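Beneath this line is the structure, given in structure tokens, with notes to follow.
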Amino acid sequence: MGCVGRYEPVAEVLFNQINADAYFMEYDQRPRGGFEPLRFVPRGNKVVVLGLVTSKSGALETKDDAEAADR
């Protein structure tokens, strides 16, 4: 099972105190929050891969749902 909740509370420690070269972050569900936590990624020495499209459901979201998720 993956993490549950928002990235904001752990982002600074995650990106700057944990010795990892790459991070694979899921953004396919609303509870993750916005992209603000990515501001803590140090320039030049970390790779961040964002999962933006869900593989958990075969349903296609509507344009309105996609726009609402961006708010």
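Read-outs throughout are calculated quantities, based only on the coordinates presented, and are distinct from any laboratory measurement. Because the structure is predicted, anything quoted here is derived from the model rather than measured. All Cβ positions, glycine included, derive from the backbone under ideal geometry; neighbour counts span all protein chains shown.
Here are a few things to note about the model shown:
- Computed E for residue 66/residue 8 - FRET, C-beta separation, R0 25 angstrom, nearest 0.05: 0.70
- Take every Cα pair under 8 Å whose residues are at least 6 apart in sequence, average their separation, divide by the length of the range 19-60, and the relative contact order is 57 percent.
- Candidate values (1) -0.95, -1.50; (2) -1.04, -1.43; (3) -0.92, -1.20 were compared with log10 I(q)/I(0) by the Debye sum over Cα atoms at q = 0.22, 0.28 Å⁻¹ computed on the shown model; the agreeing label is (2).
- Packing-based order for 11-19, 60-68, using average beta carbon neighbours within 10 Å, highest first: 11-19, 60-68
- The chain, helix-only ellipticity at 222 nm - DSSP H runs n ≥ 4, -39,500 (n - 2.57), divided by all residues, nearest 500: -4500 deg cm²/dmol
- One decimal place: the segment residue 43-residue 17 gains 7.9 nm when fully extended, by the rule 0.36 nm per residue minus the C-alpha distance.
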